[in-house]
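Here the structure is laid out as structure tokens; the discussion comes afterwards.
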Amino acid sequence: MAGLSSTVKYPMKFPVMPDRLDNLQLIPPPPSRFTLSEWYLNNTGRYRAADDQQQLADRILEEGCRMRGETEELVKTNKDEVDHRIEEKLKNLQYRQHELNKQRKHLCVEIDALDTYMDRMYDCLDHLCKKLTENCKKCINLREGRLGIDLVFDDVDRELTKEFELLKGVEAMLTRMQEQTKEQIRQLKASRHLIDRELHDLDAAIKIDEANRDLRESSLNLSLYQGNQLHSSDIVQAETDMYSQMNMEQSAKRVNDARMLKSYIDTLLTQLYEDSCQQGNAVNESFRRRIDEIKEAKTKLEQRHHETARQANEMTRNITALQKAIQEKEGFMALAHTRLGNRAQRLRMELCRDDVETSLISEVMQIQAAVTELQNQLAHAEASLRYLLKMQIQLEEDINVKTNSLKIDEVECLTVRDAMDYHKY
């Protein structure tokens, strides 16, 4: 070929007259002439180049066939591996979904159970603490209406105070327990929210992987992505498993805490019921004892009032008799004085202290002594009558006080106590 290039002939140029340029036509140069050796050499080069290209093509065809086989096997192997991985991933996702659904069910059960326990505590607070505390306080206020000596801090007041303090303590304890239960419900709902979100993500992942599992290389909805769209996340599988495991462990711990809290609330409500019943029975028993004591005291006061009234009547009759006796002695005294006055009018030697005079003087002195004794006895009797009447009034006041106390304790307080219903919550 280099020889051919060196033998190119250039056409000859002929001068053309300027005035005849428009009438001239260009004549093509004659074709190049090659030698025979150049012709053989050119054909030999062509043969050798064709053979080389055919050999290269054969090698390329063989390599292409081999590469097609290898790539087909590689693609099928990779696809089978990916299909296997997708199946394993689906099983793992479905297992996680099953476990999360089971854990979510436990969370829902505990949330509903704690809501029920909240209702039980609200019922306990409304009845045991508010109504019973109100009735207890009412009994304490009613007993403030006692009078006189009966306004005493007795066993009933002591037991009522203990019951009031117990109910106030129960109210404070239940209030704190309600706050703990609310916080536990909030934590359970937070765990349920996290599990719901993870279940939502799992459901989306399962649908995507199921769709990927069903895809074939001949499917119509295949796409090719450019850029970094195929690698959009830096999260590794270990982080996902750790996150899921952390949610499971946290929710399981909160479920276990909720169960322990329920057990504690059951024990607490039972203990509160037993303590309230026990203290209520103690209050009622102290009321019965106190009512019996007041009735006994009232009966004894009524007996003494009756006896005092009887003695006052007898003393009144005694005073009347003493006054009558004193009046009768005044007649005898007047008689003796009149006789002594008459005998004092005797004349001269007849005005002597004879036996009659002595008897009259003795009679006057004895009558005076008897009247003095009767007056003294009358004074004692009148003083005794005044004391008896005063004691009768005091006894009547005490009886009225006891009657008022019985009305408060037996009628008003026991009516309130009968309305106090203790039951389990």
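Taking the highest mean first, how do the peptides 74-86, 264-276 order by number of other beta carbon atoms within 10 angstrom per residue?
The peptides rank, most packed first, as 264-276, 74-86.
Put a dot 7 Å past each Cα toward the Cβ at GLN94 and ASN404; how far apart are the dots in nm?
In this crude label model, ASN404 to GLN94 measures out at 8.6 nm.
Hull surface divided by four, with the convex hull built on the Cα atoms of the chain: how many nm²?
The number I arrive at for the chain is 62.1 nm².
Semi-axes of segment 259-310's equivalent ellipsoid from the Cα gyration tensor, sqrt of 5 times each eigenvalue, largest first, rounded to whole Å?
Semi-axes from the Cα gyration tensor: 49, 4, 4 Å.
Grab the alpha carbons of segment 179-296, take their convex hull, and tell me the volume per residue in Å³.
It is 145 Å³ per residue.
From the residues ASN135, VAL411, ASN313, which one has its Cα farthest along the dipole of the chain in the positive direction, the dipole being from +1 and -1 charges on Cβ of Lys/Arg and Asp/Glu about the Cα centre?
My answer, from the dipole projection, is ASN313.
When the Karplus curve 6.51 cos²θ - 1.76 cosθ + 1.60 is applied with θ = phi - 60°, which whole-Hz ³J(HN,Hα) does each residue of segment 238-250 get, with x for Gly and Pro?
4, 5, 4, 5, 5, 4, 5, 5, 5, 5, 5, 5, 5
Exceeding 28 Å between C-alpha atoms, which entries from my cross-link table qualify? They are LYS162/LYS189; LYS207/LYS262; LYS105/LYS182; LYS79/LYS207; LYS182/LYS253; LYS295/LYS390.
The pairs that break the limit, which is 28 Å between Cα atoms, are LYS162/LYS189; LYS207/LYS262.
Relative to the present Cα-Cα distance, how much length would full extension add between ALA50 and THR267 at 0.36 nm per residue of separation?
Here the segment from ALA50 to THR267 would lengthen by 68.0 nm.
Working from Cα positions, state the angle (0 to 90°, nearest 10) between the long axis of helix 132-143 and the longest principal axis of the chain.
The angle comes out near 20 degrees.
To the nearest 10 degrees, how steep is helix 355-406 against the longest Cα principal axis of the chain, on a 0 to 90 scale?
10
Read-outs throughout are calculated quantities, based only on the coordinates presented, and are distinct from any laboratory measurement. The model shown is predicted, which means the values in this text are computed figures rather than measured ones. Ideal geometry is used to build each Cβ from the backbone, glycine not excepted, and the neighbour counts take in all protein chains shown.
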